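Coordinate-derived values only; no laboratory data. Given the structure is predicted, the values throughout are model-derived calculations rather than measurements. Reconstructed Cβ throughout: ideal geometry from the backbone, glycine too, with neighbour counts over all protein chains shown.
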């Protein structure tokens, strides 16, 4: 599924909510990662991989928020690819 967003601010709002939701879901399921959540006793297929492609250049504050989100992303099944500049 592809979901285009209008700008970096909208992306950050969506991904902060998604990150919080996945953290809460993993905690409730007693899983340490999306992989164990999908393959363990709960077998929650609702945690599909999430790949974020960003072609707009974030400002410094947005870049810091993206870095914070990306810090825990692998465990949550989320990948970030930011391609800016020449």
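Three semi-axes describe the equivalent ellipsoid of the chain; taken as square roots of 5 times the Cα gyration tensor eigenvalues and ordered largest first, they are 26, 12, 11 Å.
Note on the chain: helix-only mean residue ellipticity at 222 nm, from DSSP H runs of 4+ residues weighted -39500 (n - 2.57) and normalised by residue number, equals -15000 deg cm²/dmol. Residues 36, 19 in ascending order of nearby Cβ atoms (within 10 Å, fewest first): 36, 19.
For the chain, calculate the relative contact order in percent as a whole number, restricting contacts to Cα pairs under 8 Å that are 6 or more residues apart. RCO, the chain: 34 percent.
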